[in-house]
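Asks: Dumping the structure here so I can ask a few things about it.
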Amino acid sequence: MIELQRFLVSQLKRIHPRVYLEWAVQGASFPYLVYQLPTSSEMNRREDFVLEVDVWDQPSDGSTLYLQTLTDRVDQQLNRLTYTDASGWNARFFRVSRLMIPDPDPLIRRRQLRYDIRTYRRDT
């Protein structure tokens with residue numbers, strides 16, 4: 001659903017300017033956000049998506065303070081968010097998990113937020 005992706009990018013770019021779908025471009029400057037919608041399921045007039053938002057940083061001093069702050073801002077923006085679009089669909093976001101995912105490179109830090117998104121359409 002392209003409308004959902006446009007909405008997601010607009011929400012994430014309110015928090016941080018570097019937002020990528022699926023993976024960051026080679027040589028991307030840290031920190032950045034990567035989002036994915038790896039799966040969806042449809043039932044009646046509702047389609048549910050899983051959203052994964054990965055927050056990446058490579059702090060020169062090893063501190064995760066900025067990474068945690070950025071992750072908190074993403075979660076504050078998305079968790080329990082309800083959105084209604086003028087074209088006739090709406091979405092509700094619910095956080096499922098918040099994870100600390102180790103990277104093979106000990107200098108890189110990663111956090112992941114997962115959400116269930118329930119979308120409803122009037123036109124179906």
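Asks: Assuming I117 fulfils every condition listed in (1) surrounded by 13 or more Cβ atoms within 10 Å (Cβ to Cβ); (2) without any contact (Cβ under 8 Å) to a residue 12 or more places away in the chain; (3) among the hydrophobic types (A, V, I, L, M, F, W, C) apart from one, which condition is it?
Replies: Result: I117 passes all but (2).
Asks: Do you know which of the residues in the range 37-58 that are of a type in the set (A, V, I, L, M) and within 30 Å of D105 (Cα to Cα) is surrounded by the fewest Cβ atoms within 10 Å (Cβ to Cβ)?
Replies: Checked the range 37-58; the qualifying residue surrounded by the fewest Cβ atoms within 10 Å (Cβ to Cβ) is V50.
Asks: Another question, if that's okay. Every residue in the range 5-25 that is in a loop (DSSP other than H, G, I, E, B) and either under 18 Å from N79 (Cβ atoms) or within 11 Å of the chain's Cα centre (by Cα) (or both), please.
Replies: R14, I15, H16, E22
Asks: Starting from the range 10-30, take each residue that is closer than 20 Å to V50 by Cα and list its partners that are among the hydroxyl-bearing types (S, T, Y), counting only C-beta distances under 6 angstrom and pairs at least six apart or across chains.
Replies: A24/Y32
Asks: Hey, can you tell me all the residues within the range 60-81 that are part of a loop (DSSP other than H, G, I, E, B) and over 14 Å from D116 (Cβ atoms)?
Replies: Residues satisfying the conditions are S60, D61, G62, S63, T64.
Asks: Here is a follow-up. For A91, are the conditions met, namely being over 11 Å from the mean Cα position of the chain (by Cα) and loosely packed, with under 13 Cβ neighbours inside 10 Å?
Replies: Answer is no for this residue.
Asks: Kindly indicate whether D105 is in a strand (DSSP E or B) and on the phi < 0 side of the Ramachandran plot.
Replies: The answer is no for D105.
Asks: Can you tell me how many residues in the range 108-124 are of a type in the set (V, I, T) and either assigned to a strand (DSSP E or B) or touching a Cys at 6+ places or on another chain (Cβ under 6 Å) (or both)?
Replies: Residues meeting the conditions: 2.
Asks: Taking the range 97-114, which residues are of a type outside the set (S, T, N, Q), within 20 Å of L51 (Cα to Cα) and without any contact (Cβ under 8 Å) to a residue 40 or more places away in the chain?
Replies: Hits for the range 97-114 are R98, L99, M100, P102.
Asks: Still on this model: Tell me the residue from L67, L12, L4 that is surrounded by 15 or more Cβ atoms within 10 Å (Cβ to Cβ) and closer than 18 Å to R121 by Cβ, please.
Replies: L4
Asks: Give the residue that is farthest from L33 (Cα to Cα), with candidates limited to residues of the range 82-95 that are in a strand (DSSP E or B), of a type outside the set (F, W, Y) and in contact (Cβ under 8 Å) with a residue 24 or more places away in the chain.
Replies: Out of the qualifying residues, it is N90.
All of the numbers you see were taken from the coordinates with simple rules; none came from a lab. Keep in mind that this is a model prediction, so the values were computed, not measured. Note that each Cβ is placed from the backbone with ideal geometry, even for glycine, and that neighbours are counted across all protein chains shown.
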